[in-house]
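Q: I have a structure I would like to understand better, so I am pasting it below and will then ask my questions one at a time.
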Amino acid sequence: MKKLLLLFIVLISSNIQAQEVKTLTYFQNDTLKLDLDLYLPKKKAGEKIPLIMFAFGGGFSGGERTSEKDFGKFMAQNGYAVASISYSLYMKGKDFGCKGTLTEKIKAIQIGVSDMWQATSFLIENADKYNLDTSKIFISGISAGAEIGFHASFWDYKLMNLYKSNLPENFKYKGFIGGSGAIQDINLITKDKAIPMLLAHGSNDDTVPYSAGSHRSCPTNASGWLILFGSYAVYNQMKDLHKDIELITFCGGGHEFSGYLFHEGQQYVLDFVNDVLKGKKFESHVIVPSKNGKSSGKYLFCE
């Protein structure tokens, strides 16, 4: 019995060792150094690895790239590389709420997006070293990180990038996975630019709007008023465009569900990226009833 237990431990250990985590500096100048953690699966001869870029949440003022280690390890165990990036926390010590400044909010997003583009281009440039498939790069994030993901996917790269232009011409992410994120302009998502998406959001989120609404539920006369289009608005836009979209709605839920896909819902992510790479078509809305009886009168499907 002891020998069998010892063999089991050895097998488990060898499987864990097959997953590599490399910390790499993807951007550095005189004042700033940005790193990423690259979770790599066991190498297979002649097989390139799909990659998922990830940005953590924290209102552009806090958070850290090491917060989703379990997600990185889970995806690596299933054959995907994950790059969890650090990015510039421009709002640190500033007000990202209703008393903040609109231009500062937009600048925070733009800097974070530019950092994500830098990280993506760094890994494209070093793809051979890490056996990465540059035609299969997904992007993902939680809350502020999901806002980075949305805008990195749909903003005009040449217009909005703050650093040197170094992504390949006409580069496009393979798909987007977002937890409680939003985009500033729904019209950026066009038939030509649309990419497959997996989104999760609470219907009563008062931090990042579930549909169209103001960030942090700010009144229109607030200096930090910013209109955003959340997951449900994006879902309807993608449906109208007949593009691949899956939305998970937590009825009555707030911003606490922003990390669901990267914690309890990791299998949803794995199924999504597998389906995208297999070329499957899909459109679905998974409705999770409220556990505490709290619903939203705005949405009949939550009643």
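Q: Which is open to solvent by 10 Å² or more (accessible area, probe 1.4 Å), in contact with a Cys (Cβ under 8 Å, 6 or more places away or on another chain) and modelled with pLDDT of 95 or more, of A222, A212? Can you show your working first?
A: Working: A212 fails: in contact with a Cys (Cβ under 8 Å, 6 or more places away or on another chain).
A222 is the lone residue from the list that is open to solvent by 10 Å² or more (accessible area, probe 1.4 Å), in contact with a Cys (Cβ under 8 Å, 6 or more places away or on another chain) and modelled with pLDDT of 95 or more.
Q: Taking the conditions exactly as written (of a type in the set (V, I, T) and surrounded by fewer than 17 Cβ atoms within 10 Å (Cβ to Cβ)), does T120 satisfy them or not? Talk me through it step by step, then tell me what you get.
A: Values: of a type in the set (V, I, T): yes; surrounded by fewer than 17 Cβ atoms within 10 Å (Cβ to Cβ): no.
So T120 fails the test.
Q: Out of G58, G62, G72, G97, I need the residue that is modelled with pLDDT under 95 and closer than 23 Å to F257 by Cβ. Which one?
A: That would be G97, the only listed residue that is modelled with pLDDT under 95 and closer than 23 Å to F257 by Cβ.
Q: To continue, here is another question. Restricting attention to the range 252-263, does a residue exist that is open to solvent by 20 Å² or more (accessible area, probe 1.4 Å) and among the small types (G, A, S)?
A: No: the range 252-263 contains no residue that is open to solvent by 20 Å² or more (accessible area, probe 1.4 Å) and among the small types (G, A, S).
Q: Let me ask another. Looking at (1) surrounded by fewer than 17 Cβ atoms within 10 Å (Cβ to Cβ); (2) part of a helix (DSSP H, G or I), find the lone condition where H285 falls short.
A: (2)
Q: I'm trying to understand the selection: among the residues of the range 227-250, which are open to solvent by less than 10 Å² (accessible area, probe 1.4 Å) and either more than 19 Å from the chain's Cα centre (by Cα) or among the polar types (S, T, N, Q) (or both)?
A: Of everything in the range 227-250, those that are open to solvent by less than 10 Å² (accessible area, probe 1.4 Å) and either more than 19 Å from the chain's Cα centre (by Cα) or among the polar types (S, T, N, Q) (or both) turn out to be S231, T249.
Q: H201 versus (1) within 30 Å of G46 (Cβ to Cβ); (2) crowded, with 17+ Cβ neighbours inside 10 Å: which is the lone unmet condition?
A: (1)
Q: A further question on this structure: Could you check how many residues of the range 29-66 are open to solvent by 50 Å² or more (accessible area, probe 1.4 Å) and farther than 24 Å from L89 by Cβ?
A: 7
Q: OK, next. Confirm whether L167 is in contact with a helix residue (DSSP H, G or I) (Cβ under 7 Å, 6 or more places away or on another chain), over 30 Å from P41 (Cβ atoms) and not in a strand (DSSP E or B).
A: Working: in contact with a helix residue (DSSP H, G or I) (Cβ under 7 Å, 6 or more places away or on another chain): yes; over 30 Å from P41 (Cβ atoms): no; not in a strand (DSSP E or B): yes.
It is false that L167 is in contact with a helix residue (DSSP H, G or I) (Cβ under 7 Å, 6 or more places away or on another chain), over 30 Å from P41 (Cβ atoms) and not in a strand (DSSP E or B).
Q: Between D206, D156, which is acidic (D, E), touching a residue at least 12 places away in the same chain (Cβ under 8 Å) and over 26 Å from L270 (Cβ atoms)?
A: Numbers: D156 fails: touching a residue at least 12 places away in the same chain (Cβ under 8 Å).
After applying the criteria, what remains is D206.
Q: Among the residues of the range 145-180, what is the count of those that are aliphatic (A, V, I, L, M), more than 16 Å from S121 (Cβ to Cβ) and open to solvent by less than 40 Å² (accessible area, probe 1.4 Å)?
A: Within the range 145-180, residues that are aliphatic (A, V, I, L, M), more than 16 Å from S121 (Cβ to Cβ) and open to solvent by less than 40 Å² (accessible area, probe 1.4 Å) number 2.
Q: Can you tell which of G224, G230 is out of contact with any Pro (no Cβ under 6 Å at 6 or more places or on another chain), under 19 Å from G112 (Cβ atoms) and of a type in the set (G, A, S)?
A: Testing whether each residue is out of contact with any Pro (no Cβ under 6 Å at 6 or more places or on another chain), under 19 Å from G112 (Cβ atoms) and of a type in the set (G, A, S) leaves just G224.
The values are calculated or read from the model by the stated rules, or taken from the named source; none is laboratory data. Being a predicted model, the structure only gives us computed values, none of them experimental. When we count neighbours, we look across all protein chains shown, and the Cβ atoms used for this are built from the backbone with ideal geometry, even at glycine. Side chains included, ligands, DNA and RNA excluded: accessible areas come from the protein's heavy atoms. Shrake-Rupley method; radii C 1.70, N 1.55, O 1.52, S 1.80 Å.
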